[in-house]
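These notes are about the structure you will find just below.
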Amino acid sequence: MIYFDQSATTAPNESVLNTYVTVSQRFFGNPSSLHTLGQQAEALLRKSTQQVAQLLQIQPKEIVFTSGATESNNMAIKGVAYQYQNRGNHIITTCTEHSSVLQVCKQLETQGFHITYLPVDHQGRICLDDLKAALTDQTILVSIQHVNNEVGTIQPIHEIGAFLQAYPTVIFHVDGVQGIGKVPLNLHDCGIDLYALSGHKFHCVKGVGLLYVRNGIRLSPLIIGGGQQMRLRAGTENLPGIAAFAKALRLALEDVENKRVQIKGIQDYLRKEMLQIKDVTIHTPLQYAAPHILNLSISDIKPEVLIQELSKHEIYISSRSACSTKENHASHVLLAMGRSENEARTSLRFSFSSENTEVQAQQVMQVFPNIVQQIQDMMR
């Protein structure tokens, strides 16, 4: 099996799974309980939180564990909108964000909030001047993705954060899901106030994520009830998932530079070989791109046909984001980048992790051109 759909989800690391199972069995007490089992669970929760904080170079009290990035992004955007609506009702984002950001913004528009969707250039990057022009005295939040989940474009997060330092009442939220362990990012150096992660994108189990909430930032909670997690997210903590998250994050950040080189080698090889195939267009930019995503299209070939044919060879890729591949419409990301309707409808995404090798990429290219040719012959 060759799994090149790592941006959709990753297989949990065996040691991470072992941690999940062990904690489920041995630390099943409620961390809020006063008895010994509860105290043991609470101690492990505190230890896991401290480990994550050290890895991200933040404070434990700045961490809120969630069910994943969709909840984290919802919590960040709605939390700011509702908490600071007396200060202003204007939010700035980009037109190429993940649906967990765009759909939240669309919902807020129906509630009286004004949203500015910044355009991107042909590489998928925003222009800082557009952001500067969009700011008003009503702006309360800027939400910009670190790495695009479809094409891998890296946004100028450091430059945006530096610019926003002059606007202390504007909160800066970053969806960091596709960047962690692939593209270095220092939360403090970039002036980030809110930062979302999802564990299953770096070989953790599904159902656990994180929202970094910088000390001093207040959010209106989405889930209320008990007083867990500083009253920002009520409900009994997912301790097995949190412990597994801490281990998976540590593993993801170990030897990270060599992992990046390995993944970039796969991307470079596939880019070179794919360009030898007739009618292939590469959409992932050469500059300002993460190493683990390669997005391309082959003129007039439906992506679902290619995906199914590759699956017969136990090669697994995707089309666009996993959250939207079953929707029959063109990629909003590629359209925003100025690609044609045909290109935006026929895009394919190859995505990798350190579990993949260049040998696997070579094996893919042994069958991929033939499959493309067979499909093209059938269409004639």
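The values are calculated or read from the model by the stated rules, or taken from the named source; none is laboratory data. Since the model is a prediction, treat every value here as computed from it, not as a measurement. Glycine also receives a Cβ, built like all others from the backbone with ideal geometry; neighbour counts cover every protein chain displayed. The protein model used for the area step is the full one, side chains on, heavy atoms only, and it has no ligands, DNA or RNA in it. Shrake-Rupley method; radii C 1.70, N 1.55, O 1.52, S 1.80 Å.
The one condition from (1) in a helix (DSSP H, G or I); (2) polar (S, T, N, Q); (3) modelled with pLDDT of 95 or more that residue 7 does not meet is (1).
Identify all residues within region 271-290 that are touching a helix residue (DSSP H, G or I) at 6+ places or on another chain (Cβ under 7 Å) and open to solvent by 10 Å² or more (accessible area, probe 1.4 Å); write none if there are none.
The answer is 273, 277, 280, 281, 282.
Based on this model, can you work out whether residue 259 counts as surrounded by 15 or more Cβ atoms within 10 Å (Cβ to Cβ), among the basic types (Lys, Arg) and more than 20 Å from residue 340 (Cα to Cα)? Answer is yes for this residue. Of everything listed in (1) open to solvent by less than 20 Å² (accessible area, probe 1.4 Å); (2) more than 27 Å from residue 262 (Cα to Cα); (3) in a loop (DSSP other than H, G, I, E, B); (4) of a type in the set (A, V, I, L, M, F, W, C), the single unmet condition for residue 190 is (2).
Picking from 137, 175, 129, which residue would you name as being in contact (Cβ under 8 Å) with a residue 24 or more places away in the chain, acidic (Asp, Glu) and more than 26 Å from residue 317 (Cβ to Cβ)? Before you say what the answer is, go through the steps one by one.
Values: 175 fails: more than 26 Å from residue 317 (Cβ to Cβ); 129 fails: in contact (Cβ under 8 Å) with a residue 24 or more places away in the chain.
Sole residue among the options that is in contact (Cβ under 8 Å) with a residue 24 or more places away in the chain, acidic (Asp, Glu) and more than 26 Å from residue 317 (Cβ to Cβ): 137.
Scanning region 24-44 for residues that are of a type outside the set (D, E, K, R), surrounded by 20 or more Cβ atoms within 10 Å (Cβ to Cβ), in a loop (DSSP other than H, G, I, E, B) and at pLDDT below 90 turns up at least one hit.
In region 347-365, the count of residues that are of a type in the set (A, V, I, L, M) and modelled with pLDDT under 95 is zero.
Put simply, of 131, 141, 197, 108 the only residue that is under 24 Å from residue 257 (Cα atoms), open to solvent by less than 10 Å² (accessible area, probe 1.4 Å) and either touching a Cys at 6+ places or on another chain (Cβ under 7 Å) or outside any loop (DSSP other than H, G, I, E, B) (or both) is 197.
So which residues in region 326-357 are closer than 22 Å to residue 201 by Cβ and surrounded by fewer than 16 Cβ atoms within 10 Å (Cβ to Cβ)?
Applying the first criterion (closer than 22 Å to residue 201 by Cβ) to region 326-357 yields 326-327, 331-334, 347-357.
Listed by number, the residues that qualify are 326, 327, 355, 357.
Just one residue in the set 7, 15, 32 is in contact with a helix residue (DSSP H, G or I) (Cβ under 8 Å, 6 or more places away or on another chain), more than 27 Å from residue 183 (Cα to Cα) and not hydrophobic (A, V, I, L, M, F, W, C); that residue is 32.
Answer yes or no as to whether residue 239 is open to solvent by less than 30 Å² (accessible area, probe 1.4 Å), touching a His at 6+ places or on another chain (Cβ under 7 Å) and among the aliphatic types (A, V, I, L, M). Judged against the criteria, residue 239 is not a match.
Scanning region 157-175 for residues that are among the polar types (S, T, N, Q), assigned to a loop (DSSP other than H, G, I, E, B) and open to solvent by less than 20 Å² (accessible area, probe 1.4 Å) turns up nothing. Going by what's in this entry, would residue 237 be described as part of a loop (DSSP other than H, G, I, E, B) and more than 19 Å from residue 7 (Cβ to Cβ)? It is true that residue 237 is part of a loop (DSSP other than H, G, I, E, B) and more than 19 Å from residue 7 (Cβ to Cβ). Identify all residues within region 111-125 that are open to solvent by less than 70 Å² (accessible area, probe 1.4 Å) and either assigned to a strand (DSSP E or B) or among the basic types (Lys, Arg) (or both); write none if there are none. Of everything in region 111-125, those that are open to solvent by less than 70 Å² (accessible area, probe 1.4 Å) and either assigned to a strand (DSSP E or B) or among the basic types (Lys, Arg) (or both) turn out to be 115, 116, 117, 118, 125. Screening region 96-105 for residues that are assigned to a helix (DSSP H, G or I) and over 16 Å from residue 140 (Cα atoms) and picking the one that is most open to solvent (accessible area, probe 1.4 Å) gives 103.
Among the residues of region 314-325, those identified as surrounded by fewer than 18 Cβ atoms within 10 Å (Cβ to Cβ) and modelled with pLDDT of 95 or more are 314, 316.
Taking region 55-95 as the range and being closer than 20 Å to residue 170 by Cα, of a type in the set (Ser, Thr, Tyr), open to solvent by 10 Å² or more (accessible area, probe 1.4 Å) and part of a helix (DSSP H, G or I) as the test, only 82 passes.
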